[in-house]
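The values are calculated or read from the model by the stated rules, or taken from the named source; none is laboratory data. Just so it is clear, the model here is predicted, and its values are computed rather than measured. No Cβ is skipped: glycine too gets one built from the backbone with ideal geometry, and neighbour counts run over all protein chains shown. The protein model used for the area step is the full one, side chains on, heavy atoms only, and it has no ligands, DNA or RNA in it. Shrake-Rupley method; radii C 1.70, N 1.55, O 1.52, S 1.80 Å.
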Amino acid sequence: MSGFDKVVGSYEEAMDGLEDNMTIVAGGFGLCGIPENLIKEIKRRGTTGLTIASNNAGTDGNGLGILLEDKQIKKMIASYVGENALFEAQMMSGELEVELTPQGTLAEKMRAGGAGIPAFFTATGYGTPVGEGKEVREFNGRHYILEEAIQGDFSIAKAWKADRMGNLIFRMTARNFNPMAITAGKIAVVEVEEIVEVGELDPDQIHLPGIYVNRLIQGTFEKNIEKRTVRSA
Amino acid sequence: MALTREQLAQRVAQEFQDGYYVNLGIGIPTLAANYIPDGMQVMLQSENGLLGMGPFPLEEEVDADLINAGKQTVTMVKGASIFSSAESFAMIRGGHVDLTVLGAFEVDCQGNIASYMIPGKLIKGMGGAMDLVAGADNIIVVMTHASKHGESKLLPECTLPLTGKGCIKRVLTDMALLDIEGGKFILRERAPGVSVEEIASLTAGELVIPDSVPEMQV
């Protein structure tokens, strides 16, 4: 079992080996399902020059947004970067490079990166600024552009529950980009709300097999809500 | 009178059919969920990985793990399912969503749409809009017909960077419902109290006016 035991003892150990100028693929959508403690550990380490692929860049003071405070991010690959004043300031001043990528293309780039597919054709972005400079092919009378996979030195992600082998279950829309992000990193680090013993999870209910997970840690989460909307009874 | 936000949402909802899977963009499209006709079942797709989105939660139901693509807290209806973003866009790109409704800055009579970027202004990103317009066959763009300064947003050719090329066939504005066919806008319906002449004067792209242009039922 010990060879399959993915659990590490500390957040420091979880991110061991992270160096300046590395690429990180991160899960999460807005502030939902983000690996908030792993992000805090990256801030604590002060690693800089990072390229981060993530659907969003957090908000001021939350999620990946905290890595902007000490200018740790060099380049962001994301589909939507609103709601973050510091991000905007660094983007406008040219300190932060941004590669806007359509959301579905970003998800597929991560999926491809983890699945050994170097590139794929998609109609998304054809004839738009996203398609500029990319190879175009016609299939059945429609135009498609060639998009390349994303792989990271690390991936950081959040799941709900895991067994010690790293078999994962996500919870509701906190799943989002997490499964693909995990597969796309050379060292996949996952934090979860609960770790159970091997055998306690029903194999049929596992969303992502532990083969993709290198390091696992149990944490406590703030789970901030970006837009709390309620109806009255 | 130009349509209100609520009337636009009502008119969008008239495009729903029982058994439709529908993706509603942020803003007015989302309001259309309030006008699903009684006895009709529509499953709302949220591209962050939810099929079967329900109304906003009661205070005690709020769950940080359950949001929509606009990052608002939501609920799930019976029969809902959850999946990853890759799966979500596989169903969008693969043409499995029956109807997509989204906003735009401009459309043109070639079916091009510009909705995510105004050069010189802050760029926030396209989110899922490029995938949605590329993947769906049945799209309704909901927008105002003209700018506050009276400049048409239904153009011979979009001036802003495109979100998608040749993918829009139906546009609902606060003044009219139009189809795009053969490089022309075809006027299908007019908003109550809005004349064909008013619509024509604010449509910069080539406009075909059929003999009969009924008033919208909203």
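Per-residue shielding of A:97-103, expressed as the average number of other chain Cβ atoms within 10 Å of the residue Cβ, stands at 6. Classified by the C-alpha gyration tensor, the stretch A:63-210 has an oblate form. Its axis ratio a/c, with a ≥ b ≥ c, is 1.5 or above, and a/b does not exceed b/c. In the full protein context, the stretch B:5-208 carries 40 Å² of accessible surface per residue, based on a 1.4 Å probe and ignoring ligands, DNA and RNA.
Rounded to the nearest 20, the size of the Cβ-charge dipole of the stretch B:5-208 about its Cα centre is 460 debye, with Lys and Arg at +1 and Asp and Glu at -1.
Label sites at B:Arg188 and A:Glu12, each approximated as a point 7 angstrom past Cα along Cα to Cβ, lie 6.4 nm apart.
For a paramagnetic label modelled at 7 Å from the Cα of A:Glu69 toward its Cβ, which residues of the stretch A:1-41 fall within the zone defined by backbone nitrogen distances under 17 Å? Taking a point 7 Å out along Cα→Cβ of A:Glu69, the residues of the stretch A:1-41 whose backbone N falls under 17 Å are A:35-41. Summing both sides, the accessible surface hidden between B and A at a 1.4 Å probe radius is close to 4100 Å². Across peptide A:221-227, the mean count of Cβ atoms from other chains lying within 10 Å of each residue's own Cβ comes to 4. Of interest is the spacing of the C-alpha centroids, which for the stretch B:1-48 and the stretch B:141-208 amounts to 20 Å.
With a 1.4 Å probe rolled over the protein heavy atoms of all chains, the accessible area of A:Arg175, A:Arg231 falls in the order A:Arg231, A:Arg175, largest first. Rounded to the nearest 20 debye, the dipole magnitude of the protein assembly as shown is 320 debye, with +1 charges on Lys and Arg beta carbons, -1 on Asp and Glu beta carbons, and the Cα centre as origin. For chain A, the longest principal axis of the alpha carbon atoms and the long axis of helix A:103-115 meet at an angle near 60°.
In a reduced charge model with +1 at each Lys and Arg Cβ and -1 at each Asp and Glu Cβ, chain A shows a dipole moment near 460 debye about its Cα centre.
Farthest towards the positive end of the charge dipole of the stretch B:5-208, among the residues B:Tyr20, B:Ile199, B:Asn68, is the Cα of B:Ile199, using unit charges on the Cβ of Lys, Arg, Asp and Glu.
Sorting B:176-184, A:119-127, A:104-112 by average packing, meaning the other beta carbons within 10 Å per residue, from highest down gives A:104-112, A:119-127, B:176-184. With a Förster radius of 30 Å applied to the C-beta separation of A:Ile211 and A:Glu19, the computed FRET efficiency comes to 0.75. Per residue, the accessible area of the stretch A:45-127 comes to 32 Å², computed with a 1.4 Å probe over protein heavy atoms only. Counting Cβ atoms of other protein chains within 10 Å of each Cβ in B:134-144 and taking the mean gives 2. Under 15 Å from a label point set 7 Å out along the Cα-to-Cβ vector of A:Lys134, the amide N atoms of the stretch B:100-143 belong to B:126-135. Placing R0 at 41 angstrom, the Cβ-Cβ distance between B:Val196 and A:Ala85 gives a FRET efficiency of 0.35 after rounding to 0.05. Taking only the alpha carbons of chain B, we obtain Rg and Dmax values of 17.4, 55 Å in that order.
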